[in-house]
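What follows is a set of notes on a single structure, which appears directly below.
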Amino acid sequence: MRAVLQQLFDFPEMSRRALGANARRYKDRLGEFTPLFIDFLEHSYMGILEKNGDAKIQYVREIPDGENLQISTKTRLRDGSEYSVDYKLSLSPAEWRVYDVVVEGISLVNNYRSQFDRVLNKKSFDALLQDLREKREKFN
């Protein structure tokens, strides 16, 4: 499952976007941040994917946006609940890859950017990395 996710999702790009302007500020530390963020995302969402692995996904439309693309879907979970899920993609050298997922209008990347900004405004980049390391330990 992880290998499939890594083919579909551009996790390094998601990491940069989740840090926002801080990605430039800490560009020399992205090598530390990105694997921790990827682990966090994979572990956080693997449970959701496994729990709802038989979800029915209905393609709604494709919206070109310059060099990017948005694919809008409706996802029906096992319990019958339905959600709009939009996948934002950019063209990597070889293929289209997801850099953000928007569920019911809430962007995963923007949500994490807000959280990371709060941590970085109150603490430090090292504290953010430590928080991600601690969350990774909880998953293992």
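The values are calculated or read from the model by the stated rules, or taken from the named source; none is laboratory data. Keep in mind the model is a prediction, meaning the values are calculated, not measured. Cβ atoms come from the backbone with ideal geometry, glycine included; neighbour counts cover every protein chain shown. The area values use the complete protein model at the heavy-atom level, side chains included, leaving out ligands, DNA and RNA. Shrake-Rupley method; radii C 1.70, N 1.55, O 1.52, S 1.80 Å.
Okay, here's what the table says:
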quantity	calculated
Single residue of the stretch 6-41 satisfying the filter (within 13 Å of the chain's Cα centre (by Cα) and among the charged types (D, E, K, R)) that is most open to solvent (accessible area, probe 1.4 Å)	ARG16
Test: residue in the stretch 51-68 that is at pLDDT 90 or above and open to solvent by less than 30 Å² (accessible area, probe 1.4 Å)	no
Condition broken by LEU77, with the remaining ones in (1) at pLDDT below 90; (2) surrounded by fewer than 12 Cβ atoms within 10 Å (Cβ to Cβ) satisfied	(2)
LEU128 within 20 Å of ARG17 (Cβ to Cβ) and either surrounded by 11 or more Cβ atoms within 10 Å (Cβ to Cβ) or in contact with a Leu (Cβ under 8 Å, 6 or more places away or on another chain) (or both)	yes
GLU95 being among the acidic types (Asp, Glu) and either within 20 Å of ASP65 (Cβ to Cβ) or under 15 Å from the mean Cα position of the chain (by Cα) (or both)	yes
One residue from ASP39, ASP86 being charged (D, E, K, R) and within 15 Å of GLU13 (Cα to Cα)	ASP39
Test: residue in the stretch 87-100 that is touching a strand residue (DSSP E or B) at 6+ places or on another chain (Cβ under 7 Å) and open to solvent by 60 Å² or more (accessible area, probe 1.4 Å)	yes
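One line per residue, one yes/no per condition, for (1) without any contact (Cβ under 8 Å) to a residue 60 or more places away in the chain; (2) on the phi > 0 side of the Ramachandran plot; (3) part of a helix (DSSP H, G or I); (4) among the β-branched types (Val, Ile, Thr):
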| site | (1), (2), (3), (4) |
| --- | --- |
| HIS43 | no, no, yes, no |
| ASP79 | yes, no, no, no |
| ASP86 | yes, no, no, no |
| ARG118 | yes, no, yes, no |
| LEU129 | no, no, yes, no |
